[in-house]
Structures are given as structure tokens and as C-alpha cells.
Amino acid sequence: MKVRQIDFSSGSIQRSILAVAAPMLIAQLLNLLYNIVDRIYIGKIPGEGTIALAGLGLCFPVITLVTAFANLFGVGGAPLCAIARGQRDQVGAQKIMANAYFMLLLTGTALTAAGIIFHKPILYLFGASDATYPYAATYMVIYLLGTVCVMTSLGLNPYINSQGFPRMGMLTVLLGAVANIVLDPLFIFVLDMGVRGAAIATVLSQLLSALWVLRFLTGPKAELRLHFRGFRPDFACIHKIAVLGSSSFVMSFTDSLVQVASNATLCMFGGDIYVSVMTVINSVRQIAQTPVMAITDGASPAISYNYGAAVYGRVCAAIRFMTQLSFGYTLLIWALISAFPAAFIMIFNHDAELVAAAVPALHIYFFGFVMMAFQFSGQCVFKSLNKARLAVFFSLLRKAFIVVPLTLLLPHIGGLGVNGVFLAEPVSNLVGGLACYITMRLTVMPELKRLPSQNT
């Protein structure tokens, strides 16, 4: 297979971003299928789909936590790797990747052990009932057995993209996603394994993705090869990776906190049916935000590389293009979800009671979704330019300081009940998104214009 590498230093910066973003969009959509396909099939198990879907929803915080640690060392190290490449420091870039993978393996093993040992109290803390616990426990324990595979595929794929090989990164996810689509109905329905079958299919698919990533990064086609010959952990390097990755970690970790707070509060005010509703809404949100994440993730290596090469005019152009494209997309998807809410809900479940409860909840939850464009764009710039403190602060602001408190507080005000849980999201999008983007515009853009730029 011919592997094409993108040169971030020349040509149209807009085309460079789209060249990375397009395969990344496909890859991220495919990555969604790991869990989305599970939800679609599980939600349609005859006679128990709705309660099984609630049980699966209780596992979301754990799945999100695994993603958080993958992002800590994957998304955290990739911009540093791209900056080093821009500075022509290949040895430094390779060192970053090796130390990141060492930490991915270490934390993946620890998460597997801790999650399996303490899964029961964790699930009841997350809002499980006696009816939903068996489904949640079955899925969670099997899923955790594949944690190291998840950490490898999710954590190392950014290093493929940072080297300018987005199509290879897309193929990494394609392999696992196709396997999951094929294996899910086989294990769930043909072999009649239900939720257990969905979990087994997911783990096997993640294993295939991990093997593909390792095959490329240890092979001759990669510019930076992954190996541990003579390797010793460099804790100063690991610290730099973790500091920058902490923004993505905090964003995913606080997503996990929001899911815990939402499930527990919804269980209290609305029962298991509303945990199922939130499972569906979270699934719709993941679908809706994936393209804007692909746009910003596609812009990140171009921004980091040109920042490292001191070509600041191209950095500014990349930021403007990324923001405009993100805004246009989020405006369009918000309009579609507002116009056809039931169609999005019925992707996952056709139960009349669930659809009736989910339609008004979806309208509330997605109100002002366009503000997410500003949150993602601002966060992307802070991470890409190694401005870790600002990236971490705005990750905490939107979820930990706004969503979680409002999720716990609003249901008790004015008889809002379950609607208060769904209302917390649009409030955080408005306040957190604008604060993040305005800060970026007032701090980063003037700095880039002051710095002496190299000729393009």
C-alpha cells in the first residue's frame, strides 16, 4: 500500500487541514461505531432492549475514563511531537512517542485491574439499580479486559496523524469498526449472547486496531518508528506530555463526572427510563460533535508544525479556517436535530415511551449547540501551541465548574426535575464556549502577530 505523507510546511493551509480532517472524520465516525453499534443492537434486543440500554449507559463513565487516559498521553504528546518535527528534531519526536506508549501500557494495565476488582461498587455509585446492574456488570468487566488494546489504538493514532499519515490513521480505525459491525450481530443474536456478546465483539475489534497501529509504527513506512531498544523512562518528557495532555484528560474525565451525576440524578427524578434517554442523547451528541472534532483535530498538527517552524502567518490562517468551518457545521447539525429529533432517537430505540420522553429532552440538551464550535476551536489552539494551563482551565470550566453543579442543582429549582439535568448542557456551552474562544482571540492571536515569522 502506498502511504502518502502530507507536508504541512507548504501549499494551501486550508487544503492541508482538509487533507487531514477528511480521513480523521471517517476514522472518528468509524471509532464511534465501536460503542454506537453496540447501543443500536442492544437497544433492539427483543423484550429487554430498553433496560439493557440503561445498563450499557451506566458503563459510559468507565469507557470515557479509559478514553481520558488514552488522550492524556496520546493527544498530549502528539502536538509536542509535531512541534519537534517542525523544528527538525526527529530524535526528540521519537522520544516523545516512546515515553507516551510506555505510559499508555502502564495506565492501561492499572485501569484494567482496578476496574474489574471494584466494578460492583462503582456501578452502584454511578446509579445502577438491581434491574440494570447485571447488564452493566457483564459489559463492563469484559470491556475492561481490552483496555490495553483501547489505549494502544486510541493513544498511538495521534502520532500517526502528527507525522502526516491521516489515511493510515483512518485505516487503523476502519479495521476495528468493520470487525465490530460484523461481529456484533453474530455474537448478540446468532450466538444469543446478548450484552456479553456485544462486549466480546468490541474487545476483539479493539485488538485488531491495536495490532494494526503497532504494525505501522514499527514498520518501514513510518517516519518516526516506535521501539524500546535501550529505552528508559524519561520522567521530564512524560511530565511535559502529561501537562499538555491534561486538558484532553480533564475534558474526558469531567465528561465521565457529568455522566455519573446525570445518571444518578435522572434515576432519582425519573427512574431507569431516563437513564436510557440520556444514553440515547449522549449517543446522538457523540455523532453530532464528531465532525467538529475531526475539523479541530485535523487542524492541530498543521498548527503545531507551523508554530514549531515559526511560520506564524500559516498558524493564524489555520485558526481562522478551522473556526469558520466548525461554526458552519455546528449550525447545520443543530438545525437538523431540532427539525427531526425523533429520527435521531429512533436510530437507537423505537420504544414509544422512550421516544416520547427523549424528544423534549433532546430539544433542551441541544439548544445553542453552535457554541460548541467556539469551545472546540479555542481548546484546539491552546493544546496545539502547548499552552497547557489555559487548555486545562477551560476544560475544567465548562464541565466541572458549570455542568456538574448545575446537573445537581437545577432539578431542585422551580420543579424542573429531569429537565434541569438536560438544561445544564446548553448553559455550559454558552458560558464555557464563549469564554474559551474570546480568551484565545485576546491572548493567542495578538501574540502570533507580534512574533517574527519565517518566510513561507
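Residue count for the stretch 348-381 under the criterion of being under 27 Å from residue 395 (Cβ atoms), open to solvent by 10 Å² or more (accessible area, probe 1.4 Å) and not in a helix (DSSP H, G or I): the result is 2. All of 279, 323 fail the test of being farther than 30 Å from residue 167 by Cα and assigned to a helix (DSSP H, G or I), apart from 279.
Among the residues of the stretch 247-278, write down those that are hydroxyl-bearing (Ser, Thr, Tyr) and modelled with pLDDT of 80 or more. Step through it out loud before you land on a result.
First, pick out the residues of the stretch 247-278 that are hydroxyl-bearing (Ser, Thr, Tyr): 247-248, 252, 254, 256, 262, 265, 274, 276.
Within the stretch 247-278, 262, 265, 274, 276 qualify.
For the stretch 82-121, a residue qualifies if it is in a helix (DSSP H, G or I), of a type outside the set (A, V, I, L, M, F, W, C) and in contact (Cβ under 8 Å) with a residue 60 or more places away in the chain, and the qualifying residues are 85, 86, 90, 94, 95, 99, 101. Inspect all residues belonging to the stretch 161-177 and state whether any of them is over 22 Å from residue 67 (Cβ atoms) and open to solvent by 50 Å² or more (accessible area, probe 1.4 Å). Yes, the stretch 161-177 contains a residue that is over 22 Å from residue 67 (Cβ atoms) and open to solvent by 50 Å² or more (accessible area, probe 1.4 Å).
Check 135, 139 and return the single one that is open to solvent by less than 10 Å² (accessible area, probe 1.4 Å) and in contact (Cβ under 8 Å) with a residue 60 or more places away in the chain.
Details: 135 fails: open to solvent by less than 10 Å² (accessible area, probe 1.4 Å).
After applying the criteria, what remains is 139.
State whether the residues of the stretch 302-317 include one that is closer than 30 Å to residue 275 by Cβ and either open to solvent by 30 Å² or more (accessible area, probe 1.4 Å) or outside any helix (DSSP H, G or I) (or both). Walk me through it before giving the result.
Going through the stretch 302-317, the residues closer than 30 Å to residue 275 by Cβ turn out to be none.
No: zero hits.
The residues on offer are 253, 228, 216, 249, and the sole one that is in a helix (DSSP H, G or I) and open to solvent by 50 Å² or more (accessible area, probe 1.4 Å) is 253. Residue 330 meets the conditions (1) open to solvent by 10 Å² or more (accessible area, probe 1.4 Å); (2) not in a loop (DSSP other than H, G, I, E, B) in every case but one. The failed one is (1).
Listed here are the helices (runs of 4 or more DSSP H) enclosed by the stretch 122-185 that have at least 3 residues being small (Gly, Ala, Ser) and at pLDDT below 85: 166-185. Could you tell me whether residue 398 is among the basic types (Lys, Arg), under 18 Å from residue 289 (Cα atoms) and either part of a helix (DSSP H, G or I) or touching a Gly at 6+ places or on another chain (Cβ under 6 Å) (or both)? It is true that residue 398 is among the basic types (Lys, Arg), under 18 Å from residue 289 (Cα atoms) and either part of a helix (DSSP H, G or I) or touching a Gly at 6+ places or on another chain (Cβ under 6 Å) (or both). Put simply, of 263, 282 the only residue that is open to solvent by less than 20 Å² (accessible area, probe 1.4 Å), in contact with a helix residue (DSSP H, G or I) (Cβ under 6 Å, 6 or more places away or on another chain) and in contact (Cβ under 8 Å) with a residue 12 or more places away in the chain is 263. In this entry, residue 209 passes the filter for residues that are at pLDDT 85 or above, crowded, with 22+ Cβ neighbours inside 10 Å and either assigned to a helix (DSSP H, G or I) or small (Gly, Ala, Ser) (or both).
All conditions but one from (1) at pLDDT below 90; (2) open to solvent by 10 Å² or more (accessible area, probe 1.4 Å) apply to residue 385; the one that does not is (2).
Regarding the stretch 389-397, can at least one residue be identified that is without any contact (Cβ under 8 Å) to a residue 24 or more places away in the chain, crowded, with 19+ Cβ neighbours inside 10 Å and more than 16 Å from residue 429 (Cα to Cα)? Break it down stepwise before answering.
Narrowing the stretch 389-397 to residues without any contact (Cβ under 8 Å) to a residue 24 or more places away in the chain: 389, 393.
Then keep just the ones that are crowded, with 19+ Cβ neighbours inside 10 Å; that gives none.
Checked against the condition, which is being without any contact (Cβ under 8 Å) to a residue 24 or more places away in the chain, crowded, with 19+ Cβ neighbours inside 10 Å and more than 16 Å from residue 429 (Cα to Cα), the stretch 389-397 yields no hits at all.
Scanning the stretch 42-95 for residues that are open to solvent by 30 Å² or more (accessible area, probe 1.4 Å) and among the aliphatic types (A, V, I, L, M), we see that the one that is farthest from the chain's Cα centre (by Cα) is 91.
The values are calculated or read from the model by the stated rules, or taken from the named source; none is laboratory data. From a predicted model like this one, the values you see are computed outputs, not experimental measurements. For neighbour counting, all protein chains shown are included, and Cβ atoms are generated from backbone atoms with ideal geometry for every residue, glycine included. Ligands, DNA and RNA are stripped out before the accessible areas are found, and what is left, the full protein with its side chains, is counted by its heavy atoms. Shrake-Rupley method; radii C 1.70, N 1.55, O 1.52, S 1.80 Å.
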